[in-house]
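Notes follow the structure.
The values are calculated or read from the model by the stated rules, or taken from the named source; none is laboratory data. Nothing here was measured: the structure is a model prediction, and the numbers come from that model. Cβ placement follows ideal geometry from the backbone for every residue including glycine, while neighbour counts extend to all protein chains displayed. We work out accessible area using only protein heavy atoms, side chains counted, and drop any ligands, DNA or RNA first. Shrake-Rupley method; radii C 1.70, N 1.55, O 1.52, S 1.80 Å.
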Amino acid sequence: MRKVLIVTLLFLPMCIMGRDIRSLDAGWQFVLSDVSIDEISDIDGWRQVNVPHDWSIEGEFDRTDPTGQGGAYLPAGIGWYRKSIKTDIAPDERLFLEFDGVMACSSVFVDGKPAGYRPNGYVGFTYDITELITPGKDAVVSVRVDNSVQPASRWYTGSGINRHVRLVRKNVCHIPAQGVFAWYDDGRLNVQTSVSNTSDNPVKVRLQYVLKDSDGKVNTRKNGPEFQIAAGSSGQQTETVNVRNPHLWQTDAPYLYTLEVSVIEGRNELDSETITTGLRTIRFDNETGFWLNGKNIKMYGVCLHSDAGGLGTAVPASVWEYRLSILRRLGVNAIRMAHNPADPVLMELCDRKGLLFMAESFDTWNTPKNHAEKGYNLYFDEWWEQDTRAMVEQARNHPSVVIYSAGNEIRDNLNNPEGFEKYRKQQDLIHSLDNTRPVTMALFRPNSSGVYKNGFAEIMDVVGQNYRVDELKAYHDAHPEKAIIGTENTHDVQSWLMLRDDPSLCGQFLWAGIDYLGEAAWPQVMWSTSLLDVTGGVKPAGLQRASWWLNYPFVAFARHADNNGAGPLVSDWTPADMDTYDQAVIEVYSNCQEVELLLDGESLGRQPMPDNARPALFTVNFNPGKLEIVGYNDDAEAARCSARTAGEPARLFITRVGGQSDAGSDSVEILSIQIVDKDYTVCPNSDRKLRLSISGAELLAVDNADVLAHDTTHKSMEFSTFQGRMVAYIRRAPDSAKVSVAVTDKPWGGNLSGSISF
């Protein structure tokens with residue numbers, strides 16, 4: 001009974017002071033102007049925006065723009081943001097500004113006084129602004145964003161406060177940003193917690209740990225021992241929390257827990273931090289590849305950049321969720337964020353969706369790259385340590401993150417002691433912050449750079465290489481003690497067969513997963529060798545990968561767009577010119593044993609799938625109708641897909657394909673707008689300029705999949721379809737009970753229309 005009484009007393013309600021977190025996403029003022037902090041009150045042209053915000057995507061594609069092909073020929077420049085904030089803090093509290101990322105070279109001021117500067121646009125940072133405010137009096141936060149020094153990137157980065165911002169009020173004795181690190185090992189959750197005491201007096205505290213299951217029920221409570229933190233100092237404590245009936249985080253069942261760590265002084269809760277975590281074990285084996293929770297699996301990965309076409313780099317979570325869901329349906333189970341620290345939103349989604357994640361730091365160290373001569377190479381020496389630390393601390397609590405990369409195709413000389421030292425310092429820093437995950441680097445032409453012969457590769461935890469899969473295999477044959485991974489790979493069959501047939505290869509990451517702005521020579525403004533187009537449409541390459549990666553029966557097809565096997569691959573049965581299209585050359589992608597083509601129910605042939613992972617090829621006479629592809633296993637139908645020849649355009653068909661309406665600033669409805677015939681078959685050769693009208697919601701952007709389009713009306717109510725399709729991203733107004741969207745081509749002499757309400 002005495003033991004029961006003690007336990008009960010330990011968990012009686014306390015006086016909770018805690019912390020207060022407020023989103024600062026809404027209600028900023030913005031202006032494009034190159035002025036000093038002393039001059040911003042005198043300039044005109046301010047307009048209201050919400051963040052995340054990317055001002056570059058609002059500009060025009062211009063072949064002469066300094067951003068060049070890396071920046072998609074879109075404008076950069078210098079802009080200012082400002083916002084008034086409440087500063088109602090008590091004498092024993094402090095106030096912090098938290099930014100998840102600002103692109104780029106951001107200078108933050110509070111009431112005109114500098115709070116901090118950060119050149120890297122991809123890392124999060126926190127500023128203590130307590131000494132810059134007058135408590136109880138509103139303060140003005142001003143942010144100068146300077147992305148004018150170009151060309152700064154080989155791909156489109158956007159410009160502005162393009163990630164989330166928060167105002168956080170904490171006790172003078174508190175857990176600093178990213179101050180909790182939890183990792184799973186041997187049936188227990190280990191928790192390392194830092195506590196800062198910014199007061200003038202020492203304080204004696206203990207830490208309380210509350211682990212909750214995914215349904216919110218308490219799994220485990222634990223109190224740590226008391227420890228004292230001197231005035232103006234910090235302390236750290238590591239505790240082990242036993243987990244009752246642990247559910248492991250797995251790619252097909254990504255179970256998540258929440259962990260609350262509270263700082264307790266006597267009966268008072270001074271501060272509390274809540275993180276989401278998952279329980280899992282990982283191993284990169286030199287002989288058998290990657291292991292998750294004792295199960296040997298391959299990483300079927302893709303590389304992603306941070307934009308979403310017409311939305312720029314201010315991408316709401318619901319749009320990322322839509323895109324990741326499509327990739328997941330193609331068999332993708334891993335993401336590499338290239339080549340920079342990821343938005344926390346993306347890692348959170350990978351946690352929820354069971355996607356493994358490679359967290360990467362830099363595209364350059366000291367040596368610049370073409371089309372990005374004024375990039376991170378200007379800042380590496382001064383900032384690499386802070387930025388690497390920020391990447392690791394932001395990533396290490398995500399169960400999806402299984403490996404770090406310290407660089408992509410680094411052009412610094414790695415064939416000398418200085419090159420060795422640069423890598424070793426980064427790897428050692430990562431290990432000191434998180435020793436539960438290995439470190440790799442995406443090596444560039446390692447045979448010619450010498451790193452496969454000079455011992456450099458041997459100091460890496462896992463050897464990663466971009467492309468040239470035969471070189472990576474040859475290295476492993478010579479060094480079988482090293483684990484290997486394909487950090488960047490093409491969509492070709494050879495790369496897939498190596499992954500499929502070599503048990504030592506942990507995985508591969510295709511370049512790229514989704515089309516992205518930049519890294520394209522005019523007149524193109526977008527990279528287009530991907531599994532998905534920028535709207536989320538699945539390309540033939542994505543269908544082929546699905547036939548290799550999925551573990552259930554699958555069949556799909558693509559045909560060469562022009563007669564007799566000429567032209568690009570398309571996945572429809574509606575040639576652009578039926579008068580000249582006589583012979584269709586069709587590729588069938590399937591993991592079934594055999595496949596058959598049917599046209600209006602009549603067989604056009606049946607054949608076994610090749611055993612070399614290549615598609616089954618059919619050459620048939622073209623006739624309009626319904627084309628069906630059937631996959632068979634043991635002579636029984638296992639999978640089927642179909643396509644119809646489109647007739648004349650009859651209507652505009654609008655459907656909700658993704659997003660949600662109840663997640664605040666991250667909530668976006670994604671609408672698919674298609675030109676269809678009377679049977680709702682998409683008309684891929686009947687593109688129109690359309691006008692939208694919307695009530696009850698705000699239009700964020702419209703987009704199509706045309707990589708040659710220079711239409712700069714991404715936020716306009718007028719936009720063109722491409723191959724019969726386009727998408728619209730809208731956000732419901734806060735007080736709107738109903739959203740209505742209508743679209744028509746009648747202003748340009750057409751007769752098509754469509755609408756949707758929800």
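Shown is the FRET efficiency for Asn268 and Ser695, computed with R0 = 60 Å from the Cβ-Cβ distance and rounded to the nearest 0.05: 0.75. Protection proxy ranking of 646-659, 318-331, 149-162, by the mean of other Cβ atoms within 10 Å over each peptide's residues and highest first, is 149-162, 318-331, 646-659. Under 19 Å from a label point 7 Å along Cα→Cβ of Asn413: give me every residue in region 425-461 with its amide N that close. Correct set: 425, 444-457.
Between Glu260 and Lys453, the distance separating the two model label sites (each 7 Å from Cα on the Cα→Cβ line) works out to 6.1 nm. With the cut-off at under 18 Å, measuring from each backbone N in region 544-559 to a point 7 Å along the Cα-to-Cβ line of Glu637 picks out 553-557. Taking 0.36 nm per residue of separation and subtracting the Cα-Cα distance, full extension of the segment from Asp92 to Ala737 would add 227.9 nm. Using the basic label-point model (7 angstrom from Cα toward the beta carbon), what is the Asp477 to Asp62 distance in nanometres? The two pseudo-label positions are separated by 5.4 nm. Antiparallel beta bridges, as assigned by DSSP with both residues in the chain, represent about 85 percent of the total such bridges.
Would any residue of region 377-402 have its amide N under 18 Å from a label point 7 Å out along Cα→Cβ of Tyr117? List them or say none. The answer is 377-387, whose backbone nitrogens lie closer than 18 Å to the label point. Each 5 Å bin from 0 upward holds the following percent of the Cα-Cα pairs of region 588-690: 2, 11, 15, 14, 12, 13, 13, 10, 6, 3, 0. Helix 417-433 and the longest principal axis of the C-alpha atoms of the chain enclose an angle of approximately 70°. A full extension of the chain between Trp46 and Val149 corresponds to an added length of 34.8 nm, given 0.36 nm per residue minus the alpha carbon distance.
Percentage of Cα-Cα pair distances in the chain greater than 49 Å, rounded to whole percent? Value for the chain: 20 percent of Cα pairs lie more than 49 Å apart.
If I fit a long axis through the Cα atoms of helix 469-478 and take the longest principal axis of the Cα atoms of the chain, what angle between them do I get, 0 to 90°, rounded to 10? It is inclined by approximately 60 degrees. Summarising the label geometry, the points placed 7 Å from Cα in the beta-carbon direction at Gln494 and Asn685 lie 3.6 nm from one another.
Compare Met609, Met578 by solvent-accessible area with a 1.4 Å probe and give them largest first, with all protein chains kept in place.
Sorted descending by solvent-accessible area, the residues read Met578, Met609.
With r as the distance between the Cβ atoms of Asp611 and Arg424 and R0 = 51 Å, compute the FRET efficiency 1/(1 + (r/R0)^6) and round to 0.05. It comes out at approximately 0.70. Seen from Trp511, the other residues with C-beta closer than 12 Å to its C-beta sum to a net charge of -4, counting Lys and Arg as +1 and Asp and Glu as -1.
With a 1.4 Å probe rolled over the protein heavy atoms of all chains, the accessible area of Trp183, Trp511 falls in the order Trp183, Trp511, largest first.
Taking the Cβ of Asp572 as the centre, find all other residues whose Cβ is under 15 Å away and add up their charges (Lys, Arg: +1; Asp, Glu: -1). So the environment of Asp572 carries a net charge of -3. Among 721-729, 218-226, sorting by the average number of other beta carbon atoms lying within 10 angstrom of each residue, highest first, gives 721-729, 218-226.
With contacts defined as alpha carbon pairs under 8 Å and 6 or more residues apart, what's the relative contact order of region 257-375 in percent?
Here the relative contact order equals 16 percent.
Taking all protein chains as they are arranged and a probe of 1.4 Å, the heavy atoms of Ser672 leave approximately 10 Å² accessible to solvent. The angle separating the long axis of helix 380-395 from the principal Cα axis of greatest extent in the chain is about 80 degrees.
Between Met717 and Thr276, full extension at 0.36 nm per residue minus the direct alpha carbon distance yields a gain of 154.8 nm. Of the peptides 37-43, 690-696, the ranking by mean beta-carbon count within 10 Å, highest at the top, reads 690-696, 37-43.
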